[in-house]
1. Go through the range 40-73 and count every residue that is surrounded by 15 or more Cβ atoms within 10 Å (Cβ to Cβ) and over 19 Å from V266 (Cβ atoms).
2. Do you know which residues across the range 229-250 are exposed (fewer than 15 other Cβ atoms within 10 Å of the Cβ) and either touching a helix residue (DSSP H, G or I) at 6+ places or on another chain (Cβ under 7 Å) or in contact (Cβ under 8 Å) with a residue 60 or more places away in the chain (or both)?
3. Assuming V144 fulfils every condition listed in (1) free of Cβ contacts under 8 Å to residues at least 40 places away in the same chain; (2) within 16 Å of the ligand (Cβ to nearest atom) apart from one, which condition is it?
4. Determine whether N91 is surrounded by 23 or more Cβ atoms within 10 Å (Cβ to Cβ) and either outside the structural domain of E196 (by TED's automatic domain parsing) or of a type in the set (F, W, Y) (or both).
5. With the range 120-186 as the region, which helices (runs of 4 or more DSSP H) entirely inside it contain at least 2 residues that are within 24 Å of G252 (Cα to Cα)?
6. State which residue is nearest to E278 (Cα to Cα) when the search covers only the range 95-141 and only residues that are over 13 Å from the mean Cα position of the chain (by Cα) and aromatic (F, W, Y).
7. Can you give me the number of residues within the range 251-281 that are more than 16 Å from the ligand (Cβ to nearest atom) and either touching a residue at least 40 places away in the same chain (Cβ under 8 Å) or in contact with a Cys (Cβ under 7 Å, 6 or more places away or on another chain) (or both)?
8. Of a type in the set (S, T, N, Q), within 22 Å of the chain's Cα centre (by Cα) and at pLDDT 95 or above: is that true of N193 in this structure?
Amino acid sequence: MALIIDGKKIAAQIKDECREKVAAYKEQGIEITLAVVQVGHDPASNVYVNNKKKACEYVGIRSLSYELEETVTEEELLALVEKLNNDPTVNGILVQLPLPEHIDENKVTFAISPKKDVDGFHPYNVGALSIGLKGYVSCTPAGVIQLLKRSGIEIAGKNCVVMGRSNIVGKPVSMLLLRENGTVTVTHSKTENIKEITRQADILVVAVGKPRFVTSDFIKEGAVVIDVGIHRNADNKLCGDVDFEDVKDKAGAITPVPGGVGVMTVAMLMSNCTASVEINERA
Ligand code: NAP
């Protein structure tokens, strides 16, 4: 049976470390503020936004909440982002995605000041990651790296295969693994003989967006398997992109769903908000 990587425990450690840093900043008279903007009332977004606000409360970060109606115009939303960009008391800005169809998500993401882009989605921060500059790293990919490092899993020199090349998961995860000196291969829907490639992986990161897609025949004995996927099955239970039951006895280590990568995203958001003080000072 594989080592089950405990995302809940690691996320709690990271939030506690942030809480200490935030308390130390408070003693120096520095308060960290995250502005959370939500458009409409999508139930999944409500859950994510509430989790983020709760985490802020725990860590000691002030959160400002902007709940806009589904009918808000793109101009109105951009004007709010601009106002928050210019507000010196706001350290981080988060616009919860997805946005309604009449609003161009890229336009909004690109309008957020890179210095306040705690989601790490702005092209400046994406570029900074790819050329090795400091900046905000998007939360889920950063969480994947923390899960590996804090579980004592060596990345340097290892064969790392990332399944998926999305802008929010696959690409940044692969850049981060490369930064950690892994030897990285990225696969996608057009990849031929995919199992031959994934079976070479010492570390396999799965972000294909297909429930229980990866079975034991995709992996080599003893591989570390990180499952980024989140899905709800017909019984309303959560599952990942990996068939956990089928893979767990062959893998050397594996993340469960829930309790693996998912819980890390908010923890890394807290980490980015805490780092915003330094990032804003440097700028
Ligand atoms: P996405 O944008 O749908 O991208 C999926 C990627 O998988 C694409 O690059 C696609 O290839 C590739 N793919 C699809 N079918 C494949 C196949 N049969 N073989 C190999 N590759 C295949 O998904 P995403 O946004 O990266 O999300 C991936 C998963 O992570 C989802 O389950 C999502 O819910 C979850 N997620 C979790 C968190 C979190 O834990 N907080 C955050 C974000 C996402 P092409 O590029 O060729 O289409």
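1. Of the residues in the range 40-73, 3 are surrounded by 15 or more Cβ atoms within 10 Å (Cβ to Cβ) and over 19 Å from V266 (Cβ atoms).
2. The answer is D249, and nothing else.
3. (1)
4. For N91, the condition - surrounded by 23 or more Cβ atoms within 10 Å (Cβ to Cβ) and either outside the structural domain of E196 (by TED's automatic domain parsing) or of a type in the set (F, W, Y) (or both) - is met.
5. 139-150, 170-179
6. By that ranking, first place goes to Y124.
7. 10
8. Considered against the rule, which asks whether it is of a type in the set (S, T, N, Q), within 22 Å of the chain's Cα centre (by Cα) and at pLDDT 95 or above, N193 comes out as no.
The values are calculated or read from the model by the stated rules, or taken from the named source; none is laboratory data. If you're wondering where the values come from, they're calculated on a predicted model, not measured in any experiment. Heads up, the Cβs are rebuilt from the backbone with ideal geometry, glycines too, and the neighbour counts pull from every protein chain shown.
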